[in-house]
Amino acid sequence: MGDITRPEVNYRLITEADFPIVMDMYEKLNSFFYEVGYRLPHPDNVGQVWLETFRRTLGRFSNVFIAEIDRKVVGFMLCRVKRVPAYMGGVLVGELSDMWIEAEARRFGIGDKLSRLALDWLHQQGVHSVEIQVLRDNDASWKLYDRMGFKLEFRVGRLLWDEYIEKKPE
């Protein structure tokens, strides 16, 4: 078999001109969430709602890194800084929040590079540590973060009321 030519990928920070394409990509990511175990309701206009959660904090408490091939945006990574409550140490913690790579751009190391750019930025912000949340059946993402040294710390479960199993009377 012949070698697959790796495309030249450029990385940069998001600009306002990128918002529409990144919102569309987030719509795809959000749909994927439901394929790999997400069980919360699906809001209308989810890309716009998502963008508004970090738009005002870009460059200060959040950043979005963009990957481009031939000047076409093919992926993004959102990272955030937050402070955990005092009873959990009260420190600043980074979060690798959301990442999407278009199908045709996968397997070129873009997810790894976007994650490392975000980690570098979070380190510069002085965070104590960085956390991720990976949905239960998203094995590819967990493998990426496991290779970077992330360790499983806790599990989150969700009970939907129609699945509640009441204790039978004794």
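A 1.4 Å probe, protein heavy atoms only, puts the accessible area of Y164 near 120 Å².
Look at the dipole of the chain built from charges on Cβ: of L135, L119, Y87, the Cα furthest out on the positive end belongs to Y87.
The antiparallel fraction among DSSP beta bridges confined to region 79-170 stands at about 55%. All other residues whose Cβ lies under 11 angstrom from that of Q133 are scored, Lys and Arg at +1 and Asp and Glu at -1, for a net of -2. Where does helix 110-124 land angle-wise versus the long Cα axis of the chain, in degrees 0 to 90, nearest 10? The angle comes out at about 80 degrees. Would you list, by chain and number, the lysines whose Cα falls below 16 Å from the Cα of K151, excluding same-chain residues fewer than 8 positions away? Partners found: K143.
With a cut-off of 9 Å between beta carbons, the residues surrounding V81 carry a summed charge of +3, where Lys and Arg count +1 and Asp and Glu -1.
Accessible surface for the chain, divided over its residues, is 69 Å² per residue with a 1.4 Å probe.
Can you pull out the trypsin sites (Lys or Arg not before Pro) in region 115-170 that DSSP calls coil and that have at most 14 other Cβ atoms within 10 Å?
Filter output for region 115-170: R136, K151, R155, R158, K167.
The calculated FRET efficiency for the pair R147 and H123, based on their C-beta separation and a Förster distance of 22 Å, comes to about 0.80.
Can you give the convex hull volume of the alpha carbon atoms of region 42-107 per residue, in Å³?
Enclosed volume per residue, from the Cα hull, is 142 Å³.
Can you say what percent of the DSSP beta bridges in the chain, counting only those with both residues inside, are antiparallel? Round to 5. Beta bridges within the chain, antiparallel portion: roughly 80 percent.
First measure r as the distance between the Cβ atoms of T15 and Y87, then evaluate 1/(1 + (r/R0)^6) with R0 = 41 Å and state the FRET efficiency to the nearest 0.05. The formula returns an efficiency of 0.60 here. Atom-type composition of the exposed protein surface of the chain places 52 percent of the accessible area on carbon and sulfur (1.4 angstrom probe). Counting Lys and Arg as +1 and Asp and Glu as -1 over every other residue whose Cβ lies under 13 Å from the Cβ of D24, the net charge comes to -1.
The values are calculated or read from the model by the stated rules, or taken from the named source; none is laboratory data. Fair warning: this is a prediction, and the values are worked out from it, not measured in the lab. All Cβ positions, glycine included, derive from the backbone under ideal geometry; neighbour counts span all protein chains shown. Note: areas computed on protein heavy atoms with side chains; ligands, DNA, RNA excluded. Shrake-Rupley method; radii C 1.70, N 1.55, O 1.52, S 1.80 Å.
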